[in-house]
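J.: Can you read through this structure? Questions will come right after.
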Amino acid sequence: MQDSLNHIHVIGELNRDPEVRYARDNQPVTTLTIITNYEYTTTRGEVFEEVQWHRAVLFYEQAKVASLLRRGAIVEVQGRLNTNMNRPGFCGG
């Protein structure tokens, strides 16, 4: 089976300070909570805002740098999308 493309690119605002924890090998793991919004107008002239919440998990050097960020910072994150991050054994979980 040929590999498929799995790439995500998010630019948004940190909703809270980064959460730092350490994996079993004592390497830092930083979780970012990023919010993005999209505003649109219906044909009737009604304005709506759609807010999306994204969780990004960073490892090693990227985790160290990201831990310095604070709530309200605008961030850009690129990586792969993983919708099964809560499996047992993941980062000591």
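J.: Would you point out the residue of the stretch 7-41, among those that are touching a residue at least 12 places away in the same chain (Cβ under 8 Å) and of a type in the set (S, T, N, Q), that is farthest from V57 (Cα to Cα)?
T.: Restricting to residues being touching a residue at least 12 places away in the same chain (Cβ under 8 Å) and of a type in the set (S, T, N, Q), the top hit is N37.
J.: Within the stretch 53-70, can you find the residues that are part of a strand (DSSP E or B) and either within 15 Å of I8 (Cβ to Cβ) or modelled with pLDDT of 95 or more (or both)?
T.: W53, H54, R55, A56, V57, L58 - these are the residues of the stretch 53-70 that are part of a strand (DSSP E or B) and either within 15 Å of I8 (Cβ to Cβ) or modelled with pLDDT of 95 or more (or both).
J.: When only residues in the stretch 1-14 that are assigned to a loop (DSSP other than H, G, I, E, B) and touching a Leu at 6+ places or on another chain (Cβ under 9 Å) count, which is farthest from R70 (Cα to Cα)? Reasoning before the result, please.
T.: Within the stretch 1-14, the first condition is being assigned to a loop (DSSP other than H, G, I, E, B), and the residues that meet it are 1-7.
Cutting the leftovers down to touching a Leu at 6+ places or on another chain (Cβ under 9 Å) gives us 6-7.
Details: N6: 28, H7: 25 Å.
Restricting to residues being assigned to a loop (DSSP other than H, G, I, E, B) and touching a Leu at 6+ places or on another chain (Cβ under 9 Å), the top hit is N6.
J.: Could you tell me whether any residue of the stretch 22-45 is touching a Gly at 6+ places or on another chain (Cβ under 9 Å) and either of a type in the set (K, R) or not in a strand (DSSP E or B) (or both)?
T.: Within the stretch 22-45, one or more residues are touching a Gly at 6+ places or on another chain (Cβ under 9 Å) and either of a type in the set (K, R) or not in a strand (DSSP E or B) (or both).
J.: Among the numbered conditions (1) over 24 Å from T83 (Cβ atoms); (2) at pLDDT 95 or above; (3) surrounded by fewer than 14 Cβ atoms within 10 Å (Cβ to Cβ); (4) of a type outside the set (A, V, I, L, M, F, W, C), tell me where R16 comes up short.
T.: Of everything listed in (1) over 24 Å from T83 (Cβ atoms); (2) at pLDDT 95 or above; (3) surrounded by fewer than 14 Cβ atoms within 10 Å (Cβ to Cβ); (4) of a type outside the set (A, V, I, L, M, F, W, C), R16 misses just condition (1).
J.: Where residues in the stretch 9-22 are of a type in the set (A, V, I, L, M) and under 10 Å from the mean Cα position of the chain (by Cα), which of them is farthest from G72 (Cα to Cα)?
T.: For the stretch 9-22, the residue satisfying everything is V10.
The values are calculated or read from the model by the stated rules, or taken from the named source; none is laboratory data. Keep in mind that this is a model prediction, so the values were computed, not measured. Methodologically, a virtual Cβ is constructed for each residue, glycine included, from the backbone with ideal geometry; neighbour enumeration extends over all protein chains shown.
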